[in-house]
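Structure first, then comments.
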Amino acid sequence: MEKKLRDILKYHRKIFLGDGNAAPAPARGVVCDLDVGDANPVAQRPRSVAPHLMLKVYELLKKLLETGLIEYSNSPWASPIVIVLKKNGVDIRMCIDYRIVNGFSQLSHYPLPLIDDLLIGFEAAMWFMSLDMASGFWAIRMTERARLISAFICPFGHFQWVRMPFGLKNAPLVYQAMLDNCLLRYWNISVSLPKSEFGKLSIPYLSHEISAEGLRATPKIAKGVEDLPFPSTLKG
C-alpha cells in the first residue's frame, strides 16, 4: 500500500512545490476580474510600517516583483498595506486593506460548499489525505482592469497585482469555481508538499478532526468552548 502511494506521488511530482512560499505556475483557463461599476477610483495614503519591520517588507516586495506576482503601478487606485506577524513571531504577512474596493465590487454569486455537506462525505472513509494548494490564489491571473483596481501603496512605492491577491471579496469564489471544474494536471495547479499529508488515520478539516471513528471538534476549538465563562446575566 505504501509503495503504491509513493509511486503515485512520484508520478505526479511535477505538481508539488517544496517551498510553501514559492510562486506557483499560472493556472490555465481562469482569470480574476473586478467590476466596480461606475465608481470613481480611490487613492488612499500609505500607512506607516514599524521600523523593525521595514527590511522584511522590502524583501517581501522584492521577491514578489522578481517572481512576477506584482508589478509597479500608475493606477488611480491605491489601497494601503497592513503588516501582520505570522505565528512564529518572526515572518510577516502582508495584508491589503481592500475594504473600499470590496465595497464597490460586484459580488459573485458562485456558491461555496456547505461545511455540513462536506463533512458528511467522510463517513465511510478510513484513510485520509489532505493537500494544501501552494499559494493557491497566486496561481490565478488578473485581468488588466483588475490589476489597476488591485493597486496598493506602501512606503516603498505603488504596486499592482499580476496574480490574484488575498483580501478581495470574490477571490474565494473565483478559486472555488476553478477547483470545482479542474484536474490538477490539466489546469496546471500546484500543491505544497510540506503542508500536505498522506495515508493518515485522522486529519484536521474545517475545525474538526475526521477519522474512521467519526467527527469531533479539534482540541483547540473544544477548549475554547470549555473556557467560555458561564453566563451571569440574561445578555450573557
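Restricting segment 120-143 to residues that are buried (at least 16 other Cβ atoms within 10 Å of the Cβ) and at pLDDT below 80 leaves a set whose member that is nearest to S196 (Cα to Cα) is L131.
Residue-wise test of (1) in contact with a Leu (Cβ under 6 Å, 6 or more places away or on another chain); (2) outside any helix (DSSP H, G or I); (3) not small (G, A, S).
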| position | (1), (2), (3) |
| --- | --- |
| N74 | no, yes, yes |
| V82 | no, yes, yes |
| R93 | no, yes, yes |
| N102 | no, no, yes |
| H109 | no, yes, yes |
| D117 | no, no, yes |
| F137 | no, no, yes |
| A146 | yes, no, no |
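Only one of the numbered conditions (1) assigned to a loop (DSSP other than H, G, I, E, B); (2) touching an Asp or Glu at 6+ places or on another chain (Cβ under 9 Å) is not met by S48, and that is (2). In segment 209-236, of all residues being assigned to a strand (DSSP E or B) and small (G, A, S), the one that is modelled with the highest pLDDT corresponds to A217. Right, V174: modelled with pLDDT of 80 or more and either surrounded by 11 or more Cβ atoms within 10 Å (Cβ to Cβ) or on the phi > 0 side of the Ramachandran plot (or both) or not? Considered against the rule, which asks whether it is modelled with pLDDT of 80 or more and either surrounded by 11 or more Cβ atoms within 10 Å (Cβ to Cβ) or on the phi > 0 side of the Ramachandran plot (or both), V174 comes out as yes.
The residue that is farthest from A146 (Cα to Cα), among those in segment 1-47 that are touching a helix residue (DSSP H, G or I) at 6+ places or on another chain (Cβ under 9 Å), modelled with pLDDT under 75 and not polar (S, T, N, Q), is H12.
In segment 51-62, what residues are surrounded by 11 or more Cβ atoms within 10 Å (Cβ to Cβ) and either over 24 Å from the mean Cα position of the chain (by Cα) or farther than 17 Å from F166 by Cα (or both)? Answer for segment 51-62, where residues must be surrounded by 11 or more Cβ atoms within 10 Å (Cβ to Cβ) and either over 24 Å from the mean Cα position of the chain (by Cα) or farther than 17 Å from F166 by Cα (or both): L53, M54, K56, Y58, E59, K62.
Listed by first and then second residue, the pairs with beta-carbon distance under 7 Å, at least 6 apart or on different chains, first residue in segment 88-110 and modelled with pLDDT of 95 or more, second in a helix (DSSP H, G or I), are V101/I149.
The values are calculated or read from the model by the stated rules, or taken from the named source; none is laboratory data. Note that the coordinates shown come from a computational prediction; the quantities given were computed from them, not determined experimentally. Virtual Cβ from ideal backbone geometry, glycine too; neighbours counted across all protein chains shown.
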